[in-house]
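Take a look at the structure below.
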Amino acid sequence: MGEIFGIVIVRPLGLILLAIYKLVGSYGLAVILFALAVKLIILPLTIKSKKSMLKMSALNAELQQLQKRYANNRMKLNEEMQKLYERHGVSPMSGCLPQFIPLPVMFGLYYAVQQPLKFMLGFGDTTLQKLAELVGVDPNTLNYTGQIQIADKLGQMYAENGGAWPDAVTAITNGNGELLNIDFSFLGLNLAETPSFTHPSIIWLIPILSGATAFLSSYIMQRMQRGRGNDAAMKQMRTLYIITPLMSLYFGFILPGSIGIYWIFNNLFTCLQEVVLTKLIGGKMDRTEAEETARIEADKEAKRAAHKAAQIEQAERARAAAAASEAGKAKAAKKKKGAK
């Protein structure tokens, strides 16, 4: 991972996580609140993305008609599609860009949780190497799950030393970062522990719930999208509906429980966010569309009524003119007859 990315994105997120941990005193709760905080931070981008996606979905029927009409003329199809987007004030990229912008934040959040000693406490690589050697953790895992293991073992040393740091620890960390005992216990679980396929235990709840909430998230997103997306999008959603929970379940078994806790609550927050935004934004768009449809129908009805009234008036004028003509002819004939 690039140093610039670590400094600009991950370290600030790590400091936020550290501040929350100091405030609540529970690492598990801090991770949950951290996931919520990040959701709220990127909410404006999410709302913008949701609006764009719903607008694009509303144009699917017209887009499909254009694709059928100009199936053999790609240039004309692109031209008509561009006109359609301009007419409705929609940009295809406007829905994609907000989705890509939060990705660095999401990756940064993952690294902040995965590497707490570096990004929360601010220890450098040299200090981490020495701490790994001190507690017997493979230094090659420092950029993977090793830092959580080190933090857990340091916590054990802290407790065994009567709530004080051993000299061996302070000699390494003095002035290199913030030495803080991170308590990974949460609801009877050790979030520094990695669930094992071969050793069933209560921590299996984390990967199981991670897979279940991923399934729930995919299901809700599919339900919210139903009736709004095209067939290709719905097919892709059904594929993710199956793959995402399986991936969450698998990774929940090979990564520490703290990361699994983040995924569980991130999935739950995503479910809530998807329901609320779809109801609010989608409902508003549906009402606007219904009002516009009603306005168009009212205009059409008004034009039909005006046209019908014009026809009636024209017919009455024609009848009046015909009657006047007949009266004139009758009068002329009578006058001619009297002259004889």
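Can you find a residue in the stretch 272-282 that is in a helix (DSSP H, G or I) and at pLDDT below 75?
Checked the stretch 272-282: at least one residue is in a helix (DSSP H, G or I) and at pLDDT below 75.
Of everything in the stretch 111-143, what is touching a residue at least 60 places away in the same chain (Cβ under 8 Å) and surrounded by fewer than 17 Cβ atoms within 10 Å (Cβ to Cβ)? Give them in sequence order.
GLY122, ASN143
Filter the stretch 206-247 for residues that are part of a helix (DSSP H, G or I), at pLDDT below 85 and of a type in the set (Gly, Ala, Ser) and give the result.
Within the stretch 206-247, SER218, ALA232, ALA233 qualify.
Can you tell me how many residues in the stretch 25-70 are assigned to a helix (DSSP H, G or I) and either modelled with pLDDT of 85 or more or of a type in the set (Val, Ile, Thr) (or both)?
17
Please list, ordered by first then second residue, the pairs with beta carbon atoms under 7 Å, 6 or more apart or interchain, first in the stretch 29-57 and under 30 Å from ASN190 (Cβ atoms), second among the small types (Gly, Ala, Ser) and at pLDDT 80 or above.
What qualifies is VAL31/SER258.
Which of (1) at pLDDT 90 or above; (2) acidic (Asp, Glu); (3) in contact with a helix residue (DSSP H, G or I) (Cβ under 9 Å, 6 or more places away or on another chain) is the odd one out, the single condition GLU193 does not satisfy?
(1)
Of everything in the stretch 179-193, what is touching a Pro at 6+ places or on another chain (Cβ under 9 Å) and either in a helix (DSSP H, G or I) or crowded, with 20+ Cβ neighbours inside 10 Å (or both)? Give them in sequence order.
Answer for the stretch 179-193, where residues must be touching a Pro at 6+ places or on another chain (Cβ under 9 Å) and either in a helix (DSSP H, G or I) or crowded, with 20+ Cβ neighbours inside 10 Å (or both): ILE182, PHE184, LEU191, ALA192.
Could you list, in sequence order, all residues of the stretch 10-29 that are within 17 Å of LYS118 (Cβ to Cβ) and of a type in the set (Gly, Ala, Ser)?
GLY14, ALA19
Can you name the residue in the stretch 109-153 that is hydroxyl-bearing (Ser, Thr, Tyr) and more than 37 Å from the chain's Cα centre (by Cα) and is also farthest from VAL169 (Cα to Cα) among such residues?
Going through the stretch 109-153, the residues hydroxyl-bearing (Ser, Thr, Tyr) turn out to be 110-111, 126-127, 141, 144-145.
Going one step further and asking which of them are more than 37 Å from the chain's Cα centre (by Cα), we end up with 126-127.
Details: THR126: 14, THR127: 10 Å.
The selected residue is THR126.
With out of contact with any helix residue (DSSP H, G or I) (no Cβ under 6 Å at 6 or more places or on another chain) and modelled with pLDDT under 90 as the only criterion, which of GLY136, GLY177 stands out?
Numbers: GLY136 fails: modelled with pLDDT under 90.
GLY177 is the lone residue from the list that is out of contact with any helix residue (DSSP H, G or I) (no Cβ under 6 Å at 6 or more places or on another chain) and modelled with pLDDT under 90.
The values are calculated or read from the model by the stated rules, or taken from the named source; none is laboratory data. The shown structure was predicted, so the numbers you read here are calculated from the model rather than taken from an experiment. Ideal geometry is used to build each Cβ from the backbone, glycine not excepted, and the neighbour counts take in all protein chains shown.
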